[in-house]
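Novice: Here it is: the structure, laid out below.
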Amino acid sequence: MANFPDKQCSPELQKRYNKTIGECIDGVHDFLTLHYYASSRYDTPFWKATKHDLKLSDDLKERLAEWKVRLPNPRNINPNYHGFESYSYAVMLQGLGYRPEACLPVLEHMDSTRALEAFRRIRERTNDLIKTLPSQYEYLTSVRVGQTAGVM
């Protein structure tokens, strides 16, 4: 909206708008490229091509090298708005098996007691939910039965 044109549609506003949109598209492109490049699949020609034929931007190459050492964070992802937060990068990369070689150095100096207690509570809550919630099959079956009975 900051670059929304007036009736004259000034060239300066057009240039700024096009630059902003171009940066956004580049950020989306880099994020989507990661889905393919970071995958560990090599079982088909398509997946082999994602390792050899994909053209990575210099910025993305730099970030991938950094992400081998440190997870994506707000300071080391594409700085232009593109709709993806650093946690989206981190979760996606970790889900594809792309893990940093070490944790943040500051974590080595922190007491792990609170974190371990938080993990224990999460584990406890997870176990409670597993005991009480229906399985995916049971849930989907109840939804299907509800639809066929005209309930929903």
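Novice: What accessible surface, in Å², does a 1.4 Å probe find on LEU32, ignoring ligands, DNA and RNA and rounding to the nearest 10?
Specialist: 90 Å²
Novice: Right, next: May I ask you to give the percent of accessible area on the chain that is carbon plus sulfur, with a probe radius of 1.4 Å?
Specialist: Working: 7090 of 12150 Å².
Carbon with sulfur: 58 percent of the solvent-accessible area.
Novice: Can you compute the helix-only [θ] at 222 nm over the chain? Use -39500 (n - 2.57) per DSSP H run of at least 4 residues, normalise by all residues, nearest 500 deg cm²/dmol. Please list the in-between numbers first.
Specialist: Numbers: 6 runs with 88 residues, N = 152.
Result for the chain: -19000 deg cm²/dmol, rounded to the nearest 500.
Novice: What's the magnitude of the charge dipole for the range 85-152 around its Cα centre, counting Lys and Arg as +1 and Asp and Glu as -1 at the beta-carbon? Answer in Debye, nearest 20. Intermediate results must be reported in sequence, preceding the final value.
Specialist: Values: 8 positive and 8 negative charges, 59 e Å.
The calculated dipole for the range 85-152 is roughly 280 debye.
Novice: Right, here's the next one. Quick one: dipole size for the range 1-131, taken about the Cα centre, charges +1 on Lys/Arg Cβ and -1 on Asp/Glu Cβ, in debye to the nearest 20. List each step's numbers first, then the result.
Specialist: On the way: 20 positive and 18 negative charges, 61 e Å.
In total the dipole reaches around 300 debye.
Novice: Please work out how much length the chain gains when fully extended from LYS68 to SER39, using 0.36 nm per residue of separation minus the C-alpha to C-alpha distance, in nm with one decimal. Provide the component values of the computation, followed by the final result.
Specialist: On the way: separation 29, 0.36 × 29 = 10.44 nm, distance 1.40 nm.
9.0 nm is the gain from fully extending LYS68 to SER39.
Novice: Starting at the first residue of the range 34-43, write each ³J(HN,Hα) from the Karplus equation 6.51 cos²θ - 1.76 cosθ + 1.60 with θ = phi - 60°, in whole Hz, x for Gly and Pro.
Specialist: With the stated coefficients, the range 34-43 comes to 4, 4, 8, 5, 7, 5, 9, 6, 9, 7 Hz.
Novice: Quick one: accessible surface of CYS24, probe radius 1.4 Å, all protein chains present, in square angstrom to the nearest 10.
Specialist: 40 Å²
Novice: Could you compute the net charge surrounding GLY83? Neighbours are other residues with a C-beta less than 15 Å from the C-beta of GLY83; K and R count +1, D and E count -1. Walk me through the numbers on the way to the answer.
Specialist: Values: positive: none; negative: GLU23, ASP26, ASP30, GLU85.
Residues close to GLY83 contribute a combined charge of -4.
Novice: Extending each Cα 7 Å along its Cβ direction at TYR139 and HIS109, get the distance between those two points in nm, one decimal.
Specialist: Those two pseudo-labels are separated by 4.2 nm.
Novice: Let me ask another. Among 128-134, 98-104, how do they line up by average Cβ neighbours within 10 Å per residue, starting with the highest? Display every interim value, and only then the final one.
Specialist: Numbers: 128-134: 8.9, 98-104: 12.4.
Ranking the peptides 128-134, 98-104 by packing returns 98-104, 128-134.
Novice: Just to be sure I understand the model, the point goes 7 Å from the Cα along the line to the Cβ. What's the resulting LEU54 to ARG120 distance in nm?
Specialist: Simple spin-label model gives 4.1 nm for this pair.
Novice: With θ taken as phi - 60° and the coefficients 6.51, -1.76 and 1.60, list the Karplus ³J(HN,Hα) couplings across the range 88-94 in order, rounded to whole Hz; mark glycine and proline as x.
Specialist: 5, 5, 4, 5, 4, 5, 5
Novice: Give me the accessible area of GLU138, 1.4 Å probe, in Å² rounded to the nearest 10.
Specialist: 100 Å²
The values are calculated or read from the model by the stated rules, or taken from the named source; none is laboratory data. Model, not experiment: these values are computed from the prediction. In this analysis, Cβ positions are derived from the backbone assuming ideal geometry, glycine residues included, and neighbour counts consider all displayed protein chains. The protein model used for the area step is the full one, side chains on, heavy atoms only, and it has no ligands, DNA or RNA in it. Shrake-Rupley method; radii C 1.70, N 1.55, O 1.52, S 1.80 Å.
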